[in-house]
Amino acid sequence: MKKIDSVAAFRALRSGLNGQSVGFVPTMGALHIGHASLIDESVRCSDVTVLSIYINPTQFDNANDLAKYPETLAEDLELAEKLGVDYVFMPTYQQMYPDNFSYQVEETKLSHQLCGAHREGHFTGVLTVVMKLLNIVKPDRAYFGEKDYQQFELIKGMVEALFVDVEIVGCPTVRENDGLAFSSRNLNLNVNERKLAPKLHAALVSGLSDEEVTLELNQLGFVVDYIETISGRRFAAAQLGKVRLIDNVLRGEHEQ
Ligand code: AMP
């Protein structure tokens, strides 16, 4: 496994990969089993797998959230190697934003709903960094988790709208045994919050209405940003202590 931290070095090695299929898994590190499922899929389907680890500051609407975003680089590299990653791209801000974010990719509808209504500029940061990464890595396929379903839809829409030549592959949400979706931010939950956190998924798959779920979660100690069903999928974001949890489920399928 090779580590690369500059765009120029990555481009030089990418030109040597022509003729091989390239799978790409973009992440912000603090890797867990959810990330591993994306990497496994890429390794299974592509000749070469590229993993990026980059905590993208432009998608954080809150400086404190960025400051306490977990970092576990040594463990990440060990896991990536074990899973069969060929190249890890770990750029700096200067490498990714030579324009200092003066050029941005903005979507004007879906990006303002759900998480976009609560995190100003979040999806513009996400779409801009993903566009840059796709242009650097030039993968045949790029893998994204359905855990961040709104992000997945926006990235699919972006590559269609801008004619980016890549297949965007969605991978199912991987959960702990108690239903909590794996997330790097779970590392910041304290013991009591960790015990409470699975109630978010449990409430989403209950037969309760969006309003009833909101009420129940607020009573349990969450601070709900939104519970909203769109086209048969129920989306949720809620703060638990200092950690913001998001999740989504297809309604009907798992309702209890
Ligand atoms: P992140 O490092 O949080 O930006 O996530 C990198 C990628 O992993 C994104 O495409 C996420 O949707 C995906 N991902 C994160 N958590 C999970 C999970 N529990 N199951 C499946 N995919 C996930």
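The values are calculated or read from the model by the stated rules, or taken from the named source; none is laboratory data. Just so we're clear, the structure is a prediction, and the values are computed from it rather than from any experiment. With ideal geometry, Cβ positions are generated from the backbone for all residues, glycine too; neighbour counts draw on all protein chains shown.
Just a few scattered comments:
- Among the residues of segment 159-167, none qualifies, meaning not one is at negative phi, small (Gly, Ala, Ser) and within 11 Å of the chain's Cα centre (by Cα).
- Residue check, Leu79 surrounded by 16 or more Cβ atoms within 10 Å (Cβ to Cβ) and away from the ligand (no atom under 12 Å from the Cβ): yes
- Condition check for Arg44 on (1) without any contact (Cβ under 8 Å) to a residue 12 or more places away in the chain; (2) more than 16 Å from the ligand (Cβ to nearest atom): one failure, at (2).
- Which numbered condition Leu200 misses (of (1) more than 24 Å from Asp76 (Cβ to Cβ); (2) aliphatic (A, V, I, L, M); (3) surrounded by fewer than 16 Cβ atoms within 10 Å (Cβ to Cβ)): (3)
- Given (1) in contact with a strand residue (DSSP E or B) (Cβ under 7 Å, 6 or more places away or on another chain); (2) within 16 Å of the ligand (Cβ to nearest atom), number of the condition Lys3 does not satisfy: (2)
- Scanning segment 211-234 for any residue that is over 26 Å from Ala67 (Cα atoms), outside any strand (DSSP E or B) and modelled with pLDDT under 95 turns up nothing.
- Taking helices (runs of 4 or more DSSP H) as the structural unit, those lying wholly within segment 94-195 and holding at least 3 residues that are within 16 Å of the ligand (Cβ to nearest atom), at pLDDT 95 or above and touching a strand residue (DSSP E or B) at 6+ places or on another chain (Cβ under 7 Å) correspond to 122-137, 149-161.
- Applying the criterion of being under 16 Å from the mean Cα position of the chain (by Cα) and in a loop (DSSP other than H, G, I, E, B) to the residues of segment 21-41, the residue that is nearest to the ligand (Cβ to nearest atom) is Met28.
- Test: residue in segment 242-249 that is more than 21 Å from Asn62 (Cβ to Cβ) and buried (at least 16 other Cβ atoms within 10 Å of the Cβ): yes
- Residue list for segment 76-105, restricted to those being over 27 Å from Asp47 (Cα atoms) and of a type in the set (A, V, I, L, M, F, W, C): Phe101, Val105
So that you can scan it fast, the table gives a plain yes or no per residue for (1) under 23 Å from Gln94 (Cβ atoms); (2) surrounded by 15 or more Cβ atoms within 10 Å (Cβ to Cβ); (3) basic (Lys, Arg):
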| residue | (1), (2), (3) |
| --- | --- |
| Ala12 | yes, no, no |
| Gln20 | no, no, no |
| Pro26 | yes, yes, no |
| Gly34 | no, yes, no |
| Val48 | no, yes, no |
| Ser52 | yes, yes, no |
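- Flag for Tyr93 being over 17 Å from the mean Cα position of the chain (by Cα), buried (at least 16 other Cβ atoms within 10 Å of the Cβ) and farther than 28 Å from Arg175 by Cβ: no
- Residue match in segment 47-60 (condition: assigned by TED's automatic domain parsing to the domain that holds Asp148, away from the ligand (no atom under 15 Å from the Cβ) and closer than 21 Å to Ile168 by Cβ): yes
- Pairs are defined by a Cβ separation below 8 Å, a sequence spacing of at least 6 or placement on different chains, a first member in segment 231-243 that is under 17 Å from Lys199 (Cα atoms) and touching a residue at least 24 places away in the same chain (Cβ under 8 Å), and a second member that is of a type in the set (Ser, Thr, Tyr) and surrounded by fewer than 19 Cβ atoms within 10 Å (Cβ to Cβ); the pairs so defined are Phe235/Tyr226; Phe235/Thr229; Ala236/Tyr226; Ala237/Tyr226.
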